[in-house]
Each structure stands twice: as structure tokens, then as C-alpha cells.
Amino acid sequence: MSKVFDLFIIGGGINGAGIARDAAGRGLSVCLADKGEIGGATSSWSTKLIHGGLRYLENYEFKLVRESLKEREIVYKIAKSISKPVPFIIPYVDKIRPAWLIKIGLFLYDNLGGKSKIPKSKTIDLKKNFPNILKEEYKTGFRYFDIQIDDKKLTKLNIKDAKKNKAKILEYNKVKKAKIIDNQWIITLQDGKKIKSKILINASGPWINETLHKNIKITSKKKIRLVKGSHIITKKLYKADVAFTFQNTDKRIIFVIPYKRKFSLIGTTEIEVKSPENQGISKKEIGYLIKSVNNYLNNEISKKDIVDTYSGVRPLIEDFNTASKVTRDYVFDLKIINKLPLLNIYGGKLTTYRKLSEKVLFDLKKFLPKTKKGPWTDKKKLF
């Protein structure tokens with residue numbers, strides 16, 4: 001237990017992996033522990049997209065969309081081996097959102113992030129371009145592009161790069177407790193090992209407050225809302241290599257995305273849950289997704305078409321100024337305890353993991369005077 005790490009990270013999801021990669025690449029000593037497999041929880045249960053968050057514009061989250069669009073460009077550049085641009089089609093439904101609103105939203109989506117190699121949006125004739133896929137009433141659509149990615153591989157590639165830079169990565173080894181002794185964080189692991197660190201980072205996703213209260217013994221007033229998003233996987237529903245964004249009367253949207261050549265991925269739901277533990281998809285969620293898709297597709301689906309399902313619990317942060325507002329953005333809660341930093345990371349999304357990691361190192365730089373270099377992860381490819 002003689003070595004003292006610069007950073008100890010709790011949680012091997014995409015945020016923890018991104019921080020480990022960035023920090024280790026700057027010459028810092030890093031140790032990361034996860035209670036399970038790296039990238040095996042929330043970070044492998046997403047809709048597999050790097051996207052700007054088109055629907056976030058309706059909540060006026062322009063800053064988040066701008067950052068997400070910029071990151072979409074960067075992540076695609078550094079992770080081309082596991083990502084590709086996919087065209088998304090929004091069939092026009094006048095009773096849900098007027099055409100002018102969608103066009104304004106797509107104009108902002110095309111331009112908020114600055115210059116992009118990803119194609120711009122356009123209005124299309126659905127009957128001409130994608131015949132026999134949608135029901136007769138859907139004649140006009142709006143096309144835009146986002147990036148499809150292997151979320152679990154993205155997490156593992158970040159960890160692989162962190163290891164190249166001498167980061168210590170511990171899987172299936174839960175943090176049992178963390179406390180300050182002799183001006184150092186002492187982290188006790190499930191296997192009995194004790195790790196010393198100057199800084200402790202809690203990047204445990206939906207388990208963040210549970211980790212904080214039970215393992216670090218600190219109370220936080222920061223609130224999160226746990227939301228379960230579920231997906232169903234069916235046999236391939238149509239031949240065209242195109243995804244659809246289906247609008248629902250509840251103003252939510254459902255994606256139908258080509259998946260692993262032979263399948264279609266349909267999601268997601270959004271149900272508030274009490275526990276961060278994954279309970280799997282419910283019958284109600286399955287019914288919701290099937291009904292949503294059948295409102296649009298010519299060839300309707302049923303439960304028998306489902307070949308697999310998955311669910312993920314993600315933490316949404318309640319705006320710390322307005323209790324009623326929930327955002328997909330992230331917030332850092334930096335506590336200084338006996339002169340030692342504890343950084344709790346609330347929220348975040350797959351798309352912005354790299355920028356979040358960069359900001360972590362920026363916010364902690366005064367505690368890390370021996371850092372050898374500045375930001376670098378936007379240029380080096382993951383492979």
C-alpha cells in the first residue's frame with residue numbers, strides 16, 4: 001500500500017473511463033475500480049448514439065446541444081472504427097409538432113456546433129425515398145444525421161488507452177469504504193486491498209449518492225432522478241439503411257435504428273424508478289414501444305417479433321436552482337475535506353463524456369501541480 005495515486009476513480013462507466021484515460025495521458029498516476037465489468041452497466045445500456053440531443057432544444061438547453069454537437073464531431077473523428085453516421089427520418093405529424101418548429105429545430109441542430117463533416121438536414125418525400133415502409137398518411141419527412149456507436153467498446157477503448165499510460169484498472173472489486181487517514185484518502189476494496197490517493201472521484205453513475213452515503217459516509221443535498229430507459233430488439237423491420245425518429249402524442253420520441261445488420265433496435269422508454277439496480281423491461285414498456293412503432297410502420301409488429309431486450313437506469317440531475325427542472329447535462333460537486341478533494345460527478349451522457357473528463361482535469365488542476373501536459377484527447381484516436 002506504499003504507492004500514493006494522484007487520482008482514485010470509483011466507477012468504470014464511460015465517465016470514469018474517460019477521466020482515467022485523460023488523466024493517465026497527462027502523466028498522472030491513476031487507479032480505477034468498478035464493482036463489475038468495465039462498461040458493463042449504464043454505459044452499455046444506451047441507445048448506442050453520439051448525438052446532439054435534438055429534443056433538448058425544446059427545453060432551451062442550447063448550451064448542452066452546442067457542446068454535444070461539437071463532441072459528436074470529435075468522438076466520430078477519434079472513434080471511427082466503432083462508429084458511423086446514420087440518417088434519421090422524422091415523419092411529419094401536424095398534430096404533434098408543426099413543420100416550422102421542426103425546421104427551426106433542425107436548422108439550429110445543423111449550425112449550433114459549428115463546422116461539421118456530417119451532412120445537413122433536409123425535407124424529403126417519404127413515398128419517393130422510402131416506399132412501403134410507413135403507413136399511407138405519412139408523406140413528408142425531415143432527414144438529419146447522428147452517429148451510431150458501440151457504447152461498451154467506447155468505454156473499453158478508453159480503458160485500454162488508460163492502461164497504456166500505466167493506469168491501474170480493477171474490475172469486479174467494489175469499494176467498501178473510503179476515508180481520510182494521515183492526509184490521504186485510504187480506499188478499502190472488496191478483496192481487502194487498501195489504496196492510497198490524493199484525490200477521490202465518485203463517478204458511480206446511478207449509484208452516486210448510495211456510494212457517497214454508504215461507502216464514503218458523507219451526506220449530499222444534491223438530488224438525482226433515476227430513470228429507466230428500455231429497448232427492444234426485433235428482426236430487421238425494413239431493408240433501407242435508415243433510422244426513424246417517431247413522435248408520440250405524449251411529446252416523447254422513439255427511435256427505430258438498424259442494428260447489427262440483421263436487427264432493428266427500438267427505444268427508449270423513460271420511467272422513474274427508486275433503485276439504481278436494473279430490473280429489466282416491463283410489460284408496460286414493451287406495450288408502449290410496440291404501440292409507438294405500430295402508429296407508423298406499414299407492417300406492424302407484435303411481441304413475437306422481439307428477439308431480445310435490455311434496460312438501463314441512468315441518473316438525471318435535478319437543477320440545483322430549480323427543483324422541478326431535470327436535465328441531461330452534468331454537474332460537479334467538489335468537496336474539500338481536511339484539505340483533500342472529493343469530486344462527485346452528477347449526470348452526464350455518452351456523447352459528452354470526453355469533454356466532461358477534460359473539465360474534471362481543469363477543475364482539479366490546482367491540486368495536481370505535477371501534471372505534465374494539457375488537453376489532448378480530442379486528437380488521439382481510439383483503437
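What follows is calculated from the coordinates using simple rules that are stated; it is not laboratory data. Model, not experiment: these values are computed from the prediction. FYI the Cβ positions are ideal-geometry reconstructions off the backbone, even for glycines, and counts take in every protein chain you see.
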Lysines whose Cα lies under 16 Å from that of LYS217, excluding same-chain neighbours fewer than 8 positions away: LYS174, LYS176, LYS177, LYS179, LYS335
Rg(Cα)/(2.2 N^0.38 Å) for region 1-102, N = residue count: 1.46
Whole-percent pair-distance distribution, where bins are 10 Å wide, for the alpha carbons of region 224-383: 9, 28, 28, 21, 11, 4, 0
Angle between the chain longest axis and helix 99-111 axis [Cα atoms, degrees, rounded to 10]: 40
Peptides 108-115, 270-277 ordered by average Cβ neighbours within 10 Å, highest first: 108-115, 270-277
Crossing angle, helix 14-25 versus the chain [Cα axis fit, 0-90 degrees, rounded to tens]: 50
Residue exposure sequence - VAL86, VAL4 - by fewest surrounding Cβ within 10 Å: VAL4, VAL86
Set of region 29-49 residues, backbone N closer than 17 Å to the point 7 Å along the Cα-Cβ line of GLN184: 29-32
Packing rank of 360-373, 199-212, where each peptide gets the mean count of other beta carbons within 10 Å, highest leading: 199-212, 360-373
Loop-located GluC sites (Glu not before Pro) in region 27-112 whose Cβ has at most 16 other Cβ within 10 Å (DSSP): GLU37
Residue order, fewest to most beta carbons within 10 Å, for ARG225, ARG314, ARG328, ARG21: ARG225, ARG328, ARG314, ARG21
Estimated FRET transfer efficiency when R0 is 41 angstrom, pair LYS304-LYS174 (beta carbons, to 0.05): 0.55
Local electrostatic count at PHE367 - Lys and Arg +1, Asp and Glu -1, tallied over other residues with Cβ under 10 Å: +2
Kirkwood hydrodynamic radius of region 95-249, Cα pairs, Å: 21.3
Compactness of region 47-117 as Cα Rg over 2.2 N^0.38 Å, two decimals: 1.17
11 Å beta-carbon shell around ASP378, net charge (K/R +1, D/E -1): +3
Subset of LYS77/LYS164; LYS164/LYS262; LYS63/LYS117; LYS120/LYS251; LYS359/LYS380 violating a 27 Å alpha-carbon distance limit: LYS164/LYS262
Prolate/oblate/rounded call for region 229-286, Cα gyration tensor, a/c under 1.5 rounded: oblate
Region 275-383 - percent relative contact order, Cα under 8 Å, separation 6 or more: 16
Gaussian network model of the chain, springs between alpha carbon atoms under 10 Å - residue of THR42, THR268, THR249 with greatest fluctuation: THR249
16 Å Cα-Cα reach of LYS228 towards lysines, excluding residues that sit fewer than 8 places from it in its own chain: LYS48, LYS274, LYS283, LYS284, LYS349
Point-to-point label distance, LYS103-LYS373, nm (Cα→Cβ direction, 7 Å offset): 4.8
Degrees, to the nearest 10: 283-294 long Cα axis against longest axis of the chain: 40
Per-bin percent of Cα-Cα distances, region 26-170 [10 Å]: 10, 31, 30, 18, 8, 3, 0
Ellipticity estimate at 222 nm from DSSP helix runs (n ≥ 4, -39,500 (n - 2.57)) divided over the chain, nearest 500: -6500 deg cm²/dmol
Region 79-163: C-alpha gyration tensor shape, a/c 1.5 cut-off, then a/b vs b/c: prolate
Stokes-Einstein translational diffusion, the chain - Kirkwood Rh over all Cα pairs, 1.002 mPa s, 20 °C, in µm²/s: 98
Efficiency of FRET from Cβ geometry, LYS222 and THR249, R₀ 25 Å, rounded to 0.05: 0.15
Highest-fluctuation residue, SER220, SER121, SER197 considered, GNM on the chain with Cα pairs under 10 Å: SER220
